[in-house]
Protein chains: 2
Amino acid sequence: MLFTSTEISALEARYRAALINSLSGFKPANLVGTANREGQTNLAIISSVVHLGSHPPLLALIVRPSPVERHTLENILETGCYTINHVSDQFIEAAHQTAARYPREQSEFAATGLGEHWMEGFAAPFVREASIRMGLELREHRQLDINDTHFLIGEIVLAEVPQGHLGEDGSVDICAAGTVALSGLDSYYSTRRLRRMAYAKPDLPPTPLG
Amino acid sequence: MLFTSTEISALEARYRAALINSLSGFKPANLVGTANREGQTNLAIISSVVHLGSHPPLLALIVRPSPVERHTLENILETGCYTINHVSDQFIEAAHQTAARYPREQSEFAATGLGEHWMEGFAAPFVREASIRMGLELREHRQLDINDTHFLIGEIVLAEVPQGHLGEDGSVDICAAGTVALSGLDSYYSTRRLRRMAYAKPDLPPTPLG
């Protein structure tokens, strides 16, 4: 089935959103935790976290100009920090529920039953149930003219991973840690490792590891 | 295991790259196809495609300032177009091999055995073996000062999905289509759908669909 540009723009809005959201491939499922200056917390499921570099350790994030994600954005701009927490198979329902349009004064932690975990000296809440979580400091913020989304770059200043799933080479077995993947707007997936590949070189054939 | 900012920056470079690349969660596995004005083709595996919006249908892409990804960037800037093709379990090895540092004059299509598929009027090659693939036109390009990576925004002008995996609501069952997910630098995963969730509302509990 082939869709042209004209056909895509003529699609019914919800159909188009479901289709286009499926096209980027599997997405990471993360909960972004924030608080305002008064300590009022917010939690939002975000599927747009992307690796930007390891040195310095940077992740970028797209925040949509929607009522749901606006509280997250406002808190990040107010405090300059936020947490990113992997969604695991143990709390998919609660994580998805953070996408509901709760009023400003209601925390998604309380509303969904997820626990707040605070670390000394860090002004945003982590998710107690998450086994992989990071604290980030905002380094750059731009609103993109093309569709008013916000592009945020943050530096990882704290990273917590389960010791048992941290490999000798520094890689984390996020599948074993229970991290799930997202597709489209609403589908959650567990994963199974098919292959780990050796570093690719022009003069060597592709080589599976281990 | 908790890493602070100081500890992260003191890690050995390869260990740090493996660790930080694991932290964003599962990543999409896509092959980006390009050609220069003379028709010399290039193909690169890229794990940084991110959904930016559905109307207009926009995907963003991070391209690293590395020798491998530079050919992709140069071709996109030269022709203004590129393709994004989902990596499926049928050709993980070939897809991974495109990350090898081939010289400019050698196409990763020929080097890895993946087939070029051309569509009338579109100046970049699709991957013949891919079942989900898109043609994009470049809309915006910025080099990010923070670490010299390139941020590209493209509009989807062609989208091809298997009819049998396209739902009535517009969502594509990318798991059934064989699309794989990536973690870290080198691990490929198949997926299994755990749950599809209804649209979240503040006054309703989380509700699995179907």
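What follows is calculated from the coordinates using simple rules that are stated; it is not laboratory data. Keep in mind that what you see is a predicted model, and the values were worked out from it rather than measured. Cβ sites come from the backbone with ideal geometry, for glycine too, and all protein chains shown count toward neighbours.
Compute the Cα gyration tensor for chain B, then decide on rounded, prolate or oblate, letting a ≥ b ≥ c be the square roots of its eigenvalues: rounded whenever a/c is under 1.5, prolate when a/b is larger than b/c in the other cases, and oblate in all that remain.
Details: a/c = 1.57, a/b = 1.10, b/c = 1.43.
Note, shape of chain B comes out oblate.
Step through the residues of segment A:63-73 one at a time and calculate ³J(HN,Hα) from phi using the Karplus curve (6.51 cos²θ - 1.76 cosθ + 1.60, θ = phi - 60°), rounding each to whole Hz and writing x for Gly and Pro.
10, 7, x, 9, x, 5, 8, 5, 4, 4, 4
Distance in nm between label sites at B:Gln143 and A:Arg37, each 7 Å beyond Cα in the beta-carbon direction?
It works out to 3.8 nm between the two label points.
Can you list, shortest first in nanometers, how far A:Arg101 lies from the same residue in the other copies, with each label 7 Å from Cα toward Cβ?
List, nearest first: 5.2 nm.
Shielding by partners for A:167-177, please: the mean number of other protein chain Cβ atoms within 10 Å of each residue's Cβ.
Working: counts 5, 2, 8, 14, 11, 9, 4, 9, 5, 0, 1.
What the average comes to for A:167-177 is 6.
Could you work out [θ]222 nm for chain B from helices alone, using -39500 (n - 2.57) per DSSP H run of at least four and dividing by all its residues? Round to the nearest 500 deg cm²/dmol.
For chain B, the value works out to -5500 deg cm²/dmol.
To one decimal in nm, how far is B:His55 from the same spot in the other copies, if labels go 7 Å from Cα toward Cβ? Please give the shortest first.
Sorted ascending, the copy-to-copy spacings read 4.6 nm.
Could you identify which residue out of B:His51, B:His86, B:His96 has the top mean-square fluctuation in a GNM of chain B using Cα springs shorter than 10 Å?
Of the options given, B:His51 has the highest mean-square fluctuation.
So who's got an amide H within less than 5 Å of the one on A:Ala123, skipping anything under 5 residues away but keeping other chains? H placed 1.01 Å off N, in plane.
none
What does the copy distance list look like for A:Pro67, label position 7 Å along Cα→Cβ, in nm and ordered from shortest?
Label point to label point, same position, other copies: 5.4 nm.
Take the alpha carbon gyration tensor of segment B:5-56, find the square roots of its eigenvalues, order them as a ≥ b ≥ c, and report rounded if a/c is under 1.5; if not, report prolate when a/b exceeds b/c, else oblate.
Numbers: a/c = 3.33, a/b = 1.72, b/c = 1.94.
Taking the square roots of the gyration eigenvalues as a ≥ b ≥ c, segment B:5-56 is oblate.
With a/c under 1.5 counting as rounded, go ahead and sort the protein assembly as shown into rounded, prolate or oblate using the C-alpha gyration tensor (a ≥ b ≥ c being the square roots of the eigenvalues; past the cut-off, prolate if a/b is larger than b/c, else oblate).
Prolate shape, in that a/c is at least 1.5 and a/b is the bigger ratio.
Please give the contour-minus-distance gain from A:Arg128 to A:Asp203: 0.36 nm per residue of separation, less the Cα-Cα distance, rounded to one decimal in nm. Write down the numbers at each step before the final one.
Details: separation 75, 0.36 × 75 = 27.00 nm, distance 4.70 nm.
In short, 22.3 nm is gained.
Using 1/(1 + (r/R0)^6) with R0 = 35 angstrom and r between the beta carbons of B:Ala111 and B:Glu7, what's the FRET efficiency to the nearest 0.05?
0.35
By a straight-distance test (C-alpha under 25 Å), which lysines pair with A:Lys201 as possible cross-link partners, with residues fewer than eight away in the same chain excluded?
The reachable lysines, counting only those whose Cα sits under 25 Å from A:Lys201, are B:Lys27.
By counting other Cβ atoms within 10 Å of each Cβ, how are A:Leu138, B:Leu204 ranked from fewest to most?
B:Leu204, A:Leu138
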